[in-house]
Amino acid sequence: PLIGAFLVHVASSCPLAANGSALAFSFTLVFNKNPLVCYDPDAQPFVPCDWGLLHGADIARGVTPAATRDTTWGGEGIIASADCPLPTPAPPQVRIVPVPLPNAPDAVLLTCHVWGFYPPEVTVLWLHNGDMVATASTAKLLSNGDWTYQTQVTLTVTAKAGDTFTCSVQHASLDWPLREHWGPGLSPGLTVKVAAAAVIMTLGLVVFAAGTFSYCRQAPGEG
């Protein structure tokens, strides 16, 4: 390399908390791999970095005013950059999964799965025939590792014919709540009865058709 050559580059970081909020913002001008001038997020000017080999050097004190006045690095430029860029809001997806409970006849455990949303703040409510119902289940947020989150809320119900249970999801990315509906189908006992009736009806139609066909094929008797 040429004698007297130097390199200046910019280093910045924006660590985030588990919920996606910004914890801090750092912006540093680095001279030959040594921190030179650092951005102060409290006072919002540049100051000589208080760490590194150039700490206390005259060059740091000399560069600080120029960096603060420069609209590229200081002033409105760096102040505008102090807000850490966050991912674009992502709308949630929702699905209800029903699981019959073996020890409670006609009881069903409904689980509302909500996933793929950002930011993490979300409200999940259960409705029964349009009315909000209380649930002992508390939504727990889980990170998907790609900035999006997932959660689930359960509700144990004894559903009757005509009932409608709704999982309503409210999120910043939605103009209106996202709703998924579930209603009970036929009970196992009634399903067996309906199936048996269908089989008997089918057999009856087969016998009737066979008898009609046999009668039509008989030659007319002598009169």
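What FRET efficiency do you get for T88 and T135 if R0 is 30 Å and r is their Cβ-Cβ distance, rounded to the nearest 0.05? The formula returns an efficiency of 0.45 here. 3J(HN,Hα) couplings calculated from phi for region 143-152 with the Karplus curve 6.51 cos²θ - 1.76 cosθ + 1.60 (θ = phi - 60°) are, in sequence order, 7, 8, x, 10, 6, 9, 10, 9, 7, 8 Hz; Gly and Pro show x. Using R0 = 30 Å, the C-beta based FRET efficiency linking W176 and S26 works out to 0.15.
Using a Förster distance of 35 angstrom, determine the FRET efficiency expected from the C-beta separation of T202 and R95, and round it to 0.05.
About 0.45, to the nearest 0.05.
Computed from the coordinates by the stated procedures, all read-outs in this text should not be read as laboratory data. Quantities reported herein were computed from a predicted structural model and do not represent experimental measurements. With ideal geometry, Cβ positions are generated from the backbone for all residues, glycine too; neighbour counts draw on all protein chains shown.
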